[in-house]
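Asks: After the structure tokens below, expect a handful of questions from me.
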Amino acid sequence: MSSPVPHAVRAGKMLMTEPSALSLLHADYARLRRLGPDELTADQALSLTCFLREQQLRDAQPGEAQISDAITRWLQNVFALENFIARLNRMPRENRRLPANSISDEEKTLTAFVRAQRRAFAGARLCTYQERRLAAIEGFSFHPRDDVWISRFREYRDFITENGRVPRFRSDAGRERSLAAWAAKQRLSYHRGRLPRERVLALSGLDFWTWGR
């Protein structure tokens, strides 16, 4: 069987697919590899080490001995996370409402790894390669709560654009009631002084938006 190629041919024309974030990352560090050690910053040197180690791990033959250090263990966790997502089509998650034995040890381990990476990112303890490598994983986010808020904000904004009014609590449509409830929570957070300034500004810019009493 021939290996897949990164393009398709239709109507006699070659259509190139968009390069993935991972392929762009690897291409950047393949170029960086051409620089001499004295030309690299500390971050670049560590990032290049991570890149080269990843290539070694991917090219290794079954049973071949590998360097056992923090970088190798980090990459093995990255590979395990990608494998989990590919199999289950979702990020690992921790649901404290489920019985203790209903979540596999694999998922618990990966959930802990993801949390640790987010803490490391917030504390500026990841090199650039690690940050970009994690960001290239489908579904991974350093700021999942912010991503959820932005998604709901866009839904709310789009509803106003499509309907020329705000969502109503008494609507027969579940999506509309859900958006109305979300807006109510934003107002409550605002009046309690818990809504970040950037969110206040975003909501204030919406048509028909009011903060109420």
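Asks: If we sort 133-139, 68-74 on the protection proxy, mean other Cβ atoms within 10 Å, highest first, what's the order?
Replies: My ranking of the peptides, most packed first, is 133-139, 68-74.
Asks: In whole Å, how far is the Cα centre of segment 124-182 from that of segment 14-65?
Replies: 32 Å
Asks: Which one, THR41, GLN55, LEU134, projects farthest toward the positive side of the charge dipole computed for segment 17-135 from Cβ point charges (K/R +1, D/E -1)?
Replies: LEU134
Asks: For Rg/Rh (Cα atoms, Kirkwood Rh), one of [x] 1.07; [y] 0.97; [z] 0.94 was computed from the structure I shared and the rest are decoys. Which label?
Replies: Comparing each candidate, only [x] matches the computed number.
Asks: Might you report the magnitude of the Cβ-based charge dipole of the chain about its Cα centre, with Lys and Arg at +1 and Asp and Glu at -1, to the nearest 20 debye?
Replies: 1280 debye
Asks: DSSP loop (so not H, G, I, E, B), at most 13 other Cβ within 10 Å: list which GluC sites (Glu not before Pro) in segment 20-92 pass both filters.
Replies: GLU64
Asks: Could you pull out which residues in segment 115-133 have an amide N less than 19 Å from a spot 7 Å beyond the Cα of SER151, following the Cα-Cβ vector?
Replies: Counting only backbone N, you get 115, 118.
Asks: Across segment 180-196, in residue order, what do the Karplus-derived ³J(HN,Hα) couplings come to in whole Hz, using 6.51 cos²θ - 1.76 cosθ + 1.60 with θ = phi - 60° and x for Gly and Pro?
Replies: 3J(HN,Hα) across segment 180-196, in whole Hz: 5, 5, 4, 4, 4, 5, 5, 5, 4, 4, 5, 5, 8, x, 10, 9, x.
Asks: Size of the dipole of segment 144-204 about the Cα centre, Lys and Arg at +1 and Asp and Glu at -1 on the beta carbon, nothing else charged, in debye to 20?
Replies: 340 debye
Values in this text are rule-based calculations from the coordinates and carry no lab data. The shown structure was predicted, so the numbers you read here are calculated from the model rather than taken from an experiment. Virtual Cβ from ideal backbone geometry, glycine too; neighbours counted across all protein chains shown.
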